[in-house]
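Below is one structure; the comments refer to it alone.
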Amino acid sequence: MVVSVSIIEDDVQIRDSIVQFLQMQNELLIDTGFGTVKDFLESGLPAPDVLLLDIELPGISGLEGAFIIKQKFPEINILMLTVYEDKELIFKALQAGATGYLLKSMPLGKIKTSILEATAGGVPMSPIVAKKVIAFFASKPHVNNNETSESLTNREVEVAQLLIRGDTYKQIAYQLFISPDTVRQHIKNIYRKLQINSRVQLINELNKRAAT
């Protein structure tokens, strides 16, 4: 299946560089991109599977644009592509409907991988962003009326970081030098502590915690 892609980036040099690279990838079909959210919305083109979206844009900002675009195209996967790694901006982007958060310093090949991860149900993030997200996530234990508060262990944080990135159990096991069964046990513990039962709920729980 070919994945359709678009990009909103006001820096022409950056936009053209990314577009030219992605045009060479057989799995992807990308248009020439847009300089503003307004141009994208008024283009009349069908919604792409994945949209790369800068934060600092003229007119409508990327954060505001993510919310507007997600309302118009609920199925679209929005990947923020920015120079900013500020925790507050990361959470605002996720709350606005972004699927993932990438830094422009990422190699182009990693951007391609992130696009494919997003369409496969993953939540791609640059490594430094994922670390900040999970560190925050783990530091705010869930509390309910019937159970005491529990924080994630260091190993559970590592597993959660890879899980939220979209890695499979086997990939997590390989990267952490543990067995798939051990990964499953860690994930069970993560889900139990956070009172969730899926990767999607993990992201939803993250967004709720970021808002508190």
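The values are calculated or read from the model by the stated rules, or taken from the named source; none is laboratory data. These figures come from a predicted structure and were not determined experimentally. Backbone-built Cβ (ideal geometry, glycine too); neighbour counts: all protein chains shown.
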(request) Give 118, 130 a once-over and let me know the one that is modelled with pLDDT under 85 and either under 12 Å from the mean Cα position of the chain (by Cα) or surrounded by 13 or more Cβ atoms within 10 Å (Cβ to Cβ) (or both). (result) 130
(request) Could you please find all residues in segment 141-167 being farther than 22 Å from residue 124 by Cα and either at pLDDT 70 or above or of a type outside the set (D, E, K, R) (or both)? (result) 141, 142, 143, 144, 145, 146, 148, 149, 151, 153
(request) Kindly check whether there is at least one residue in segment 85-97 that is part of a strand (DSSP E or B) and surrounded by 17 or more Cβ atoms within 10 Å (Cβ to Cβ). (result) no
(message) Checking the condition modelled with pLDDT of 80 or more and within 23 Å of residue 100 (Cα to Cα), which residue from 188, 193, 170, 208 passes?
(response) 170
